[in-house]
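Heads up, the thing below is written out as structure tokens.
Where a number appears in this text, it was derived from the coordinates with a stated rule and is not lab data. All values reported here derive from a predicted model rather than from experimental measurement. Cβ: placed from backbone, ideal geometry, glycine included. Neighbour counts: every protein chain shown.
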Amino acid sequence: MPHVSRLPWLLAGLVTGVAGLATSYFLAMVLTVRDSPVVAVSELVVKVTPGVVVEHAIALLQRNDKPVLVGTVLALLLALFATAGWLAARHWWWPYVIFTALGAVGLAAVAAQSRPQPVDFLPILAGFATWIVLFGVLRRLITDTPPGQEAQTAGLPRRFVLTAGTTAALALVVGVTGRSIGLGRRHVEETRRLLRLPGVTNKRPPAQARIGISGITPWQTPADAFYQIDTAIAVPTIEPREWSLRIHGMVEREVTVTYQQLLDRGLEQQWITLNCVSNPVGGPLIGNAWWSGVRLADILADAEPRPGADAVKQTSQDGWTCGTPLEALTDVGRGAMLAVAMNGSPLPLEHGFPVRTIVPGLYGYVSACKWVVDMEVTRFSDFTAYWTKRGWGEKGPVKIGSRIDVPRPDSEVQAGRINVAGMAWHQHVGIDRVEVSLDGGPWQQVRVAPSPTPNSWVQWGGSVEVGPGEHLLRVRATSPGEDPQTGVVRDVLPDGATGWHAVQFRAM
Ligand SMILES: Nc1nc2c(c(=O)[nH]1)N[C@H]1C(S)=C(S)[C@@H](COP(=O)(O)O)O[C@H]1N2
Ligand SMILES: [Mo]
């Protein structure tokens, strides 16, 4: 039996292990998962270690306890990776056993955190996949090379050295990139926390806007419950002092505003409901917030759009685009704004920090540009925006909508008089009537809680009489001076769903 060097095996284990760690770390940073996998495992170690031991360690290490712990876990991992490779010289399956065990520990560590989300597990899975695939590749490069037959580098098969070396270098790049993304985000998060915005208040919803029926959606949507839609892979991290907005194109005067200049113009605040064109009938992609920002009509007036322009092509820092009707932005009455705050706090990073556009009465995909940095005054005939290219309508005015929150679909209620309640919206136009129909019967009017503005949704509620058995409740809303909401069913594509929301339930 020829002499088998164990060095390539040990290196294969190390390189594979480190590459998997780098992938998972990178993904954790990009997905803004709370902790990188190694940190999550370190936290698990603390959790399963007896309290006295932890206290002694903290007392001993003082403020270095966390770096020391994470460093120890990392060192242990490196040793395990090398061992896994080393053992593979004997039995090919050893690394797979060790990598699987480590993956399981990683999953357990994430599961042990408070309220883990499904996405929190992705980095672990990606790291595990990297381990399995990569070790397979390196293993083949070692075993497929008959000793002494191929070119050697430092006593190792040259092709193995090349692949392992490239992988290690890539892992380094991936790891360093992940770190800079993570640090950038943390820095901007801190800037955001320390920001004090003059004129931003945290307004409470007006009491009369609430219908007072339990189980209904809150009239004001907290920022962390607000739906989020964007194409950004990593949330853009923009320092306010580095932000500026350039308005150009078909204008008399190009205008550039910095963050400070924006604040100096003075802020306006209003309740505005934002919804997504891809929200199905009865769906959750809608929210209502108290927005603070600067009126866009004023800023555009400074730029003086030229006759013939009918559109504004907005571009975000990450290159997403949308086309907004110019008149919706210049119409003072509509109240389109460059928003800097949501519900009394600077915009969350996910919702466009430091500045986004909000236009009452238009779907988000044609108007609500997050991380907005560029506005080109132009013509619809001269460009196509991100979603328009993909088959969605060019203009995107919101359609009237209504939703049943109470009773819940497929729920059971006591026969008799039961509460019914939900939301209705037609931003910029308003809602003045809501009706429900039980089991296909006549439409019965319910109460609409008055909203302070047509730009926000309303809560509606009332009661209906139900006997024992299966029931179907429908809802439709009406805007002032218009026909009731249509029951014709249309898909969200290309410009928003139509049809009545219906809820099936059972009475006992
Ligand atoms: N930069 C950027 N802005 C964007 C989007 C995007 O993908 N990128 N999506 C739009 C869409 S489709 C909607 S519905 C709203 C959603 O805003 P929210 O995530 O703050 O709720 O943002 C809009 N603004
Ligand atoms: Mo959207």
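Restricting attention to region 285-323, which residues are in contact with an Asp or Glu (Cβ under 6 Å, 6 or more places away or on another chain) and basic (Lys, Arg)?
Of everything in region 285-323, those that are in contact with an Asp or Glu (Cβ under 6 Å, 6 or more places away or on another chain) and basic (Lys, Arg) turn out to be ARG295, LYS313.
Can you confirm whether CYS369 is free of Cβ contacts under 8 Å to residues at least 60 places away in the same chain and within 13 Å of ligand 1 (Cβ to nearest atom)?
When the stated conditions are applied, CYS369 passes them.
Can you name the residue in region 350-375 that is of a type in the set (A, V, I, L, M) and under 25 Å from PRO205 (Cβ atoms) and is also surrounded by the most Cβ atoms within 10 Å (Cβ to Cβ) among such residues?
Per the criteria, the residue is VAL359.
Being of a type in the set (Val, Ile, Thr) and not in a loop (DSSP other than H, G, I, E, B) is the filter here; which residues of region 332-359 pass it?
VAL340, THR357, ILE358
Just to check your reading of the model, which residue among GLY344, GLY396, GLY401, GLY364 is within 16 Å of ligand 2 (Cβ to nearest atom) and within 30 Å of GLY184 (Cα to Cα)?
Testing whether each residue is within 16 Å of ligand 2 (Cβ to nearest atom) and within 30 Å of GLY184 (Cα to Cα) leaves just GLY364.
Could you run through region 108-146 and say how many residues are part of a helix (DSSP H, G or I), under 23 Å from the mean Cα position of the chain (by Cα) and over 21 Å from LEU11 (Cβ atoms)?
Residues in region 108-146 being part of a helix (DSSP H, G or I), under 23 Å from the mean Cα position of the chain (by Cα) and over 21 Å from LEU11 (Cβ atoms): 11 in total.
In region 426-454, what residues are closer than 20 Å to ALA507 by Cα and in contact with a Phe, Trp or Tyr (Cβ under 6 Å, 6 or more places away or on another chain)?
Answer for region 426-454, where residues must be closer than 20 Å to ALA507 by Cα and in contact with a Phe, Trp or Tyr (Cβ under 6 Å, 6 or more places away or on another chain): just SER437.
Which helices (runs of 4 or more DSSP H) does region 1-105 wholly contain that include 3 or more residues that are touching a helix residue (DSSP H, G or I) at 6+ places or on another chain (Cβ under 7 Å) and surrounded by 22 or more Cβ atoms within 10 Å (Cβ to Cβ)?
The qualifying helices (runs of 4 or more DSSP H) are 7-30, 37-48, 65-88.
Does region 244-252 contain at least one residue that is part of a loop (DSSP other than H, G, I, E, B), among the basic types (Lys, Arg) and on the phi < 0 side of the Ramachandran plot?
No; the residues of region 244-252 include none that is part of a loop (DSSP other than H, G, I, E, B), among the basic types (Lys, Arg) and on the phi < 0 side of the Ramachandran plot.
Can you tell me which residues in region 282-292 are more than 16 Å from ligand 2 (Cβ to nearest atom) and closer than 15 Å to THR453 by Cβ?
Selection gives TRP290, TRP291, SER292.
Out of all the residues in region 293-329, which are within 28 Å of the chain's Cα centre (by Cα), away from ligand 2 (no atom under 16 Å from the Cβ) and not aliphatic (A, V, I, L, M)?
Hits for region 293-329 are GLY293, ARG295, LYS313, THR315, GLN317, GLY319, PRO325.
Mind listing whichever residues of region 244-280 are buried (at least 18 other Cβ atoms within 10 Å of the Cβ) and within 16 Å of ligand 2 (Cβ to nearest atom)?
Hits for region 244-280 are ILE272, THR273, LEU274, ASN275, CYS276, VAL277, SER278, ASN279.
List the pairs whose first member sits in region 211-232 and is in contact (Cβ under 8 Å) with a residue 12 or more places away in the chain, whose second member is within 13 Å of ligand 1 (Cβ to nearest atom) and basic (Lys, Arg), and whose Cβ atoms are under 9 Å apart, counting only residues at least 6 apart or on separate chains?
Matching pairs, first to second residue: ASP230/LYS370; ALA232/LYS370.
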